[in-house]
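Visitor: Got a structure for you, questions after.
Bear in mind these aren't lab numbers, they're just calculated from the coordinates by the rules spelled out. Remember, predicted model here, so these are calculated numbers, not experimental data. Please note: Cβ atoms are built from the backbone with ideal geometry, for glycine as well, and neighbour counts cover all protein chains shown.
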Amino acid sequence: MFIARAAWRLLVGSVILLAAVPALAEWAINMPRGVTPISHEIYDLHMTIFSICVAIGALVFGVMFFSIWKHRKSRGAKADNFHESQTVEIIWTVIPFLILIGMAFPATKTLIKMEDMSDIEMTVKITGYQWMWHYDYLEDGVSFYSRLDANSNKTRQLDSGLNPGDVPDYLLNVDKPLVLPVGVKIRLLTTAADVIHSWWVPQLGVKKDAIPGFINEFWTQIEQPGVYRGVCAELCGKDHGFMPVVVKAVNQDEYQAWLQSQRDVTPKTASL
Amino acid sequence: MSAVKTNYYVPHHTAWWPIVGSAGLTGLLVGASMILNGASTGSYILVAGLLITLLMMFGWFGTVIRESISGLYNARVDTSFRWSMIWFIFSEVMFFAAFFTALFYARAYSLPWLGGMGKGVVTNELLWPAFEAMWPSNGPANIGGAFKVMGAWGIPAINTAILLSSGVTVTWAHHALKADHRRQLILGLALTVILGFTFVALQADEYIHAYSELNLKMTTGIYGSTFFMLTGFHGFHVTMGAVMLTVILLRCIKGHFSPDSHFAFEAVAWYWHFVDVVWLFLFIFVYWF
Amino acid sequence: MSTTAAALHDHHEPQLTGIKRWLLTTNHKDIGTLYLWFSFIMFLLGGGMALIIRAELFQPGLQIVDPQFFNSMTTMHALVMIFGGVMPAFVGLANWMIPMMIGAPDMALPRMNNWSFWILPFAFAMLISTLFMRGGAPAAGWTMYAPLVLQTGDAFPFMIFSIHLLGISSVMGAINIIATVLNMRAPGMSLMRMPLFVWTWLITAYLLIAVIPVLAGAVTMLLTDKFFGTSFFNPAGGGDPVLFQHIFWFFGHPEVYILILPAFGVMSQIIPTFARKPLFGYASMVYASASIAFLSFIVWAHHMFTVGMPLAGELFFMFSTMLIAIPTGVKVFNWVATMWRGAMTFETPMLFAIAFVVLFTIGGFSGLMLAITPADFQYHDSYFVVAHFHYVLVPGAIFALIAAVYFWLPKWTGHMYSEALGKWHFWLSAVSLNVTFFPMHFVGLAGMQRRVPDYALQFADFNAISSVGAFIFGTSQLLFLYLVIKCIRGGPQASARVWEGAHGLEWTVPSPAPAHTFNTVPDSEVIRRETLA
Ligand code: HEA
Ligand code: HEA
Ligand code: CUA
Ligand SMILES: [Cu+2]
């Protein structure tokens, strides 16, 4: 079974290797653009910086390979002897500096926006455990744990003999997702009960460490309803790879209904 | 065309001590690890490793002293030793810097955060509601229980005076050595050694006082941690320095040094000034403020 | 007194053979050889661990190792590669080449030199023995973050103390290099005539003595937190787990330049040689290296953007990190300008050097992307970071080492290596390396986190590709081993100059270099000629 699947992958891998370029579009090879204003800004920033790097790279490597081709000895090139030029040195110190300043502006703007904690409408406290998450709706007295779903958990055991391909959203599904309303500025607090974890949902453009004894705050505002999947990003021990995050974003009515249903099941305890 | 010999002394294929030292250090640390893991056999290994390490030090330093006395080292070799000692001391400075960082960080950053200052509001409200940040502190969970602080103006102040005077006496001895005043040299150095060991003794007394009367222990939260780590490593360095000074004193008595060739003396004196300066920082930031 | 010394020199020294020669040696060349072989063994060991990682990641699901052991592999792979592979290898090169390059008879402190090396096998024996201990080898990542690392079993004190030993070795090695460079240069070898390899190593040595003790302090605090009840990293006692990260990265960031600066030095020797043209911008190369070293002390928190620093901190560390692109850019541009209008040939060392310039720069670009704080919130702890650092480390540090070995092997052994095999080695390595590490950018951006033994299905294809590449890359290194052994055993006699365009004192002595070079001070006219070039 294992051998067969391994062989299959090896085959697929080699084929893909050969046919890679045209097929690229079908795979996730880039950062998702996400569903929050911040995630869009991050995506644009990422693409801008990336393009600048590609351009610089093309230029530098272009010059280099031209020189390698043109000034090779086998082509009869005679070595020059120049080895200094203050002008050039100044130019290629100043121009990168200007480029960097150009990058720093949008980056700073986005960062400042991310740190803006005003106009918060609701707060969820997220606590990392080895190896699950605990969510606590501070204003509404609802709280629960969220673990890797049973199906993935069974399949991911060493030598389980089960095929991950048969599990929907393998390793990215939980028993109980975090439900959030769309269009609302939500404050999220992270902390941990044992070791450091990190709460990451790429589509929301957020990743924040959950540190025992301390609370970090950040915010998100989801634009579209949907299910957004993420993971624990900080190594937290043996099952670090098996504590996903699932956020279910719903519209306000649905959210209220969900809250009501939860109030009935969550025991009324202090929300600490 | 020159055929100048460099005359730099390179000991050829005779280095037994390094490999002995590696084995000794490893024994020491493996033994210590085993003890920490609760395996009692570790203590034998530790002692064996320690003995081998000491043997190495005697042997190695002995070799170097013999080579030095027999005149194998020229001025160039001397300069190599000097650069090495200076940068070794610098590396020690950076070692202490790590612990000072812990101290400053706790006082300026983690405690205020836990106590609800600035960004720490939520942390304080939700996790450590009753906690107020101040220094000294053993943290919001009051780790180690109520404790009293080691005041600056008792033993620590006396110890400051002792170390500062020892800095003076060692300098005096150095001047005496350069002026070839044997009696003053030995007197100055002997005084330095006495002052050094007095410092260590007082420090030990202070620790006993802290443990038995102030309930101030290594386990007393961040205050106890930084206090004992900083003063402990410093005390260890003073002890080493005092032992080194003792060796130098003995060598002075034996007449090993001449007014213009006494690198070992100077190296130890530098080292002594270094522990002196570290102490001043300790006195100011650990005891005083 | 000099008469005695001279007398001793003239004496024929006892010629030790067998194991004793290696155990007791004080000769910089022997010690360099020891370092290089040791590091190669460590490279195979660390690479073997990488292959276990890649085998497990070949497809989704767990097939080979359990998650705890996987984390041990990740942790040990990094520790072995960095502290056992790259660092000792560069110290080995320094030992072999620095005395020859500056016209010194040996390293400044030959006996301590021996000790710096011989601590290493002991330290690694300690570290590697943890694989067989109760609770397994360390598994909290090479970054050893508290509090997770405090959950390590019996391995814990062994890991801490082995790091102390490695630190002692590094600091002694660095001190030796500083003393050698500052004190042992032949008359006429002024600082601004030193080959760049010597310069970059001098700067690296300063980085080492400044940050290795800080690492020692950090792990000492881990030790006392675990066994003696201190609260450095425990918030209940007023400490902070993030404090460990600050101290660790104050070491950790300069550490990555410790791994790359000597590589820059190697490039600056090789590229002019095969371009048959003097290095462009010698002085600016020196200043750029120094600026990189200086900046490396004030950028550490770019590894910790997600821990919740204040805005001002995030901005400061973003800007300072971005600045490093400038001096690094100067270096890249200078290398390109050195090639410009040269008369290039492409022997194996030059091939590796060209690949270095391209692929290291790609790694540098992804580094710059990581420096952009808001974007790093997405990249952090994803495979994008893994891609970044393998690009700067493997075609960076490792390629520089390989290039250096090809470059100086004829000088060391007196034989030419097989150019055909060398080219095979190059092309296999350069291609398979990109197959291994390039896809990691994709899966990282798409959301795959690092340090996991298993992953979601959408990452399966690229991981399979990576794994295939890793096995090819690994196997190609066996070719290198074969080639080196073959070259040591025999081959065409190498001339003193070896390469047509080579300049520097090391090329004025015969190949193989005799055990003792420059017991006689080299002629200052020769120095002038070889260093102006
Ligand atoms: C040899 C090792 C090495 C080197 C040289 C570098 C070089 C750089 N690194 Fe990297 N880095 C690592 C090894 C290295 N790194 C490792 C091991 C980690 C992960 C550790 C861990 O978590 O386990 C890491 C992680 C890491 C992070 C943290 C990522 C995260 O965890 O979130 C960041 C963030 O800023 C970063 C940035 C940089 C930058 C800006 C450079 C710069 O020095 C790069 C500069 C070079 C260039 C930019 C290219 C050449 C320049 C030009 C051609 C000029 C013109 C260019 C422009 C103006 C754009 N690195
Ligand atoms: C100098 C440093 C260095 C070097 C050279 C390498 C080299 C390699 N690294 Fe490593 N790596 C790190 C430093 C380095 N790495 C660091 C710092 C981390 C982070 C750790 C952490 O998260 O804490 C890391 C993490 C890391 C990961 C992520 C692990 C995780 O997040 O869980 C992966 C995954 O693919 C990986 C792969 C590889 C591979 C395939 C190579 C290859 O280049 C290795 C190639 C060499 C060989 C393969 C050996 C030679 C050949 C043999 C022994 C024969 C084998 C026989 C056959 C092929 C049949 N490395
Ligand atoms: Cu929780 Cu990783
Ligand atoms: Cu860094």
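Visitor: Just to be sure I understand the model, the point goes 7 Å from the Cα along the line to the Cβ. What's the resulting A:D253 to B:D78 distance in nm?
Guide: For the pair A:D253/B:D78, the computed spacing is 9.4 nm.
Visitor: Using a 10 Å cut-off on Cβ to Cβ distances, tally the other chain neighbours for every residue of A:110-117 and report the average as a whole number.
Guide: On the way: counts 5, 10, 4, 1, 5, 5, 1, 2.
That average works out to 4.
Visitor: Could you pull the Cα extents of the range A:66-153 along its three principal axes, largest to smallest, in whole Å?
Guide: The Cα atoms of the range A:66-153 stretch 79, 40, 18 Å along the principal axes, largest first.
Visitor: Ok, one more. If you build the convex hull over the alpha carbons only and average its shadow over all orientations, what do you get for chain B? Give it in nm² to one decimal. Working shown, then result.
Guide: Working: hull surface 85.8 nm².
Mean shadow area of the hull around the Cα atoms is 21.5 nm².
Visitor: Here's something else I'd like to know. Given a Förster distance of 45 angstrom, what is the FRET efficiency for C:A496 paired with B:K178, based on the Cβ-Cβ distance and rounded to 0.05? Could the numbers behind the result be given before it?
Guide: Values: r = 49 Å, r/R0 = 1.08.
Efficiency at R0 = 45 Å is approximately 0.40.
Visitor: Further question: Based on alpha-carbon centroids, what's the gap between the range C:401-452 and the range B:17-49 in Å, whole number please?
Guide: Cα centroid to Cα centroid, the span is 40 Å.
Visitor: Moving to a separate point now. Just to confirm my numbers, what's the Cα centroid distance between the range C:83-111 and the range A:169-235 in Å?
Guide: With the range C:83-111 and the range A:169-235 each reduced to a Cα centre, they are spaced 50 Å.
Visitor: Using the 2.2 N^0.38 Å rule of thumb for compact globular proteins, work out how chain A stacks up: its C-alpha Rg over that value, please.
Guide: Output field value: 1.36.
Visitor: Would you work out which of C:F280, C:A446, A:G213 lies farthest towards the positive end of the dipole of the protein assembly as shown, given +1 charges on the beta-carbon of Lys and Arg and -1 on that of Asp and Glu, about the Cα centre?
Guide: C:F280
Visitor: Tell me, rounded to the nearest percent, the portion of alpha carbon pairs in the range A:128-206 spaced more than 15 Å apart. Please list the in-between numbers first.
Guide: Numbers: 2048 of 3081 pairs.
Result for the distance tail: 66 percent.
Visitor: Explain nothing, just compute: Karplus ³J(HN,Hα) = 6.51 cos²θ - 1.76 cosθ + 1.60, θ = phi - 60°, for every residue of the range A:133-142 in order, whole Hz, x for Gly and Pro.
Guide: After applying 6.51 cos²θ - 1.76 cosθ + 1.60, I find 10, 10, 10, 9, 7, 4, 7, 10, x, 9 Hz.
Visitor: Work out the P(r) tail for the range B:77-117: percent of alpha carbon pairs separated by more than 13 Å, whole number. Display every interim value, and only then the final one.
Guide: Details: 525 of 820 pairs.
For the range B:77-117, the share of Cα pairs beyond 13 Å comes to 64 percent.
Visitor: Checking a compactness column here: for the range C:74-183, what do you get for Rg(Cα) / (2.2 N^0.38 Å), N being the number of residues? Don't skip to the end; give the middle numbers.
Guide: Details: Rg = 16.2 Å, N = 110, 2.2 N^0.38 = 13.1 Å.
Ratio of Rg to 2.2 N^0.38 Å for the range C:74-183: 1.24.
Visitor: At a Förster radius of 51 Å, what calculated FRET efficiency corresponds to the Cβ-Cβ distance of B:S261 and B:D205, to the nearest 0.05?
Guide: Numbers: r = 40 Å, r/R0 = 0.78.
Efficiency, rounded to the nearest 0.05: 0.80.
Visitor: Hey, another quick one. Across all directions of projection, what mean area in square nanometres is found for the Cα convex hull of the range B:70-159?
Guide: Numbers: hull surface 43.3 nm².
For the range B:70-159, the mean projected area of the Cα convex hull comes to 10.8 nm².
Visitor: To continue, here is another question. With a Cα-only, solvent-free Debye model of chain C, what are the log10 I(q)/I(0) values at q = 0.07, 0.08, 0.10, 0.11 Å⁻¹?
Guide: -0.39, -0.51, -0.81, -0.99
Visitor: For the range B:1-73, what is one quarter of the convex hull surface built on the Cα atoms, given in nm²? Before the final figure, lay out each step's value.
Guide: Details: hull surface 26.1 nm².
Convex hull of Cα atoms, orientation-averaged projection: 6.5 nm².
Visitor: Near the amide H of A:V142, under 5 Å away, which other amide H atoms are found, from residues 5 or more places off or on another chain, if H is placed in the peptide plane?
Guide: A:Y137
Visitor: Placing +1 at every Lys and Arg Cβ and -1 at every Asp and Glu Cβ, with all other atoms neutral, what dipole size does the protein assembly as shown have around its Cα centre, in debye to the nearest 20? Don't jump to the answer; show the numbers that get you there.
Guide: Numbers: 59 positive and 61 negative charges, 570 e Å.
With Lys and Arg at +1 and Asp and Glu at -1, about 2740 debye.
Visitor: Quick check: residue separation of B:N215 and B:Y44 times 0.36 nm, minus the Cα distance between them. What number comes out in nm?
Guide: Values: separation 171, 0.36 × 171 = 61.56 nm, distance 3.28 nm.
Additional length available on full extension: 58.3 nm.
Visitor: Using the Cα centre as the reference, give the magnitude of the dipole from point charges on the C-beta atoms of the range B:75-288 (Lys, Arg: +1; Asp, Glu: -1; all else neutral), rounded to the nearest 20 debye. The partial results should precede the final answer.
Guide: Numbers: 11 positive and 11 negative charges, 78 e Å.
With Lys and Arg at +1 and Asp and Glu at -1, about 380 debye.
Visitor: Would you grab the residues whose amide H sits under 5 Å from the one on C:D240? Only those 5+ places off in sequence or on another chain, please, with H modelled 1.01 Å from N.
Guide: Close amide H contacts, sequence-distant or interchain: C:F233, C:N234.
Visitor: Would you kindly work out the equivalent ellipsoid of the range B:172-281 from its C-alpha gyration tensor and give its semi-axes, the square roots of five times the eigenvalues, largest first in whole Å? Mind dumping the intermediate values first?
Guide: On the way: eigenvalues 235, 33, 18 Å².
Ellipsoid semi-axes (Å, largest first): 34, 13, 9.
Visitor: Which FRET efficiency value, to the nearest 0.05, do you get for A:Q224 and A:T93 by plugging their Cβ-Cβ distance into 1/(1 + (r/R0)^6) with R0 = 51 Å? Don't skip to the answer; put the middle values down first.
Guide: Values: r = 46 Å, r/R0 = 0.89.
Step by step, r from the Cβ atoms, then E = 0.65.
Visitor: Mind listing the Cα extents of the range A:122-270 along all three principal axes, in Å, largest one first?
Guide: For the range A:122-270, the Cα spread along each principal axis is 44, 33, 32 Å.
Visitor: Once the convex hull of the alpha carbons of the range C:372-503 is built, what does its volume come to per residue, in cubic angstrom? Don't skip to the answer; put the middle values down first.
Guide: Details: hull volume 16.3 nm³, N = 132.
Measuring per residue, one finds 124 Å³ for the Cα hull of the range C:372-503.
Visitor: For B:T198, put the label point 7 Å out on the Cα→Cβ axis and report which residues of the range B:133-157 keep their amide N under 18 Å from it.
Guide: B:153-157
Visitor: Which value results when the Cα radius of gyration for the range C:1-156 is divided by 2.2 N^0.38 Å?
Guide: On the way: Rg = 20.5 Å, N = 156, 2.2 N^0.38 = 15.0 Å.
Here the answer is 1.37, to two decimals.
Visitor: So what does the Cα-only Debye profile of the protein assembly as shown read at q = 0.04, 0.07, 0.09 Å⁻¹, as log10 I(q)/I(0), no solvent term?
Guide: The computed values of log10 I(q)/I(0) come out as -0.22, -0.68, -1.13.
Visitor: On to the next question. For chain C, take the longest principal axis of its alpha carbons; what is the angle in degrees between that and the long axis of helix C:67-79, to the nearest 10 within 0 to 90?
Guide: Between helix and principal axis, roughly 30 degrees.
Visitor: What is the distance in Å between the Cα centres of the range A:83-136 and the range C:261-285?
Guide: Each part's Cα centre sits 34 Å from the other's.
Visitor: Another question, if that's okay. Check which residues have an amide H placed less than 5 Å from C:A494's amide H, if you skip close sequence neighbours.
Guide: C:H415, C:M416
Visitor: The range C:282-359: percent of C-alpha pairs farther apart than 14 Å? Working shown, then result.
Guide: Details: 2096 of 3003 pairs.
Here the long-distance tail beyond 14 Å is 70 percent of all Cα pairs in the range C:282-359.
Visitor: Report the Rg/Rh value for the range A:36-81, based on alpha-carbon coordinates and the Kirkwood definition of Rh.
Guide: Details: Rg = 18.8 Å, Rh = 13.3 Å.
Using only Cα positions, Rg/Rh for the range A:36-81 is 1.41.
Visitor: Taking the DSSP beta bridges in the protein assembly as shown as the whole, what percent of them are antiparallel, to the nearest 5? Let's see the in-between values first.
Guide: On the way: 33 of 46 bridges.
So the antiparallel bridges in the protein assembly as shown amount to around 70 percent.
Visitor: Rounded to whole Hz and in sequence order, give me ³J(HN,Hα) for the range C:222-229 from the Karplus expression 6.51 cos²θ - 1.76 cosθ + 1.60, θ = phi - 60°, writing x for Gly and Pro.
Guide: 4, 4, 6, 4, 6, 10, 10, x
Visitor: Taking the Cα centre of the range A:122-270 as origin, sum charge times position over the Cβ atoms of Lys and Arg (+1) and Asp and Glu (-1), and report the length of that vector in debye to the nearest 20.
Guide: Numbers: 14 positive and 17 negative charges, 30 e Å.
The dipole of the range A:122-270 has a size of about 140 debye.
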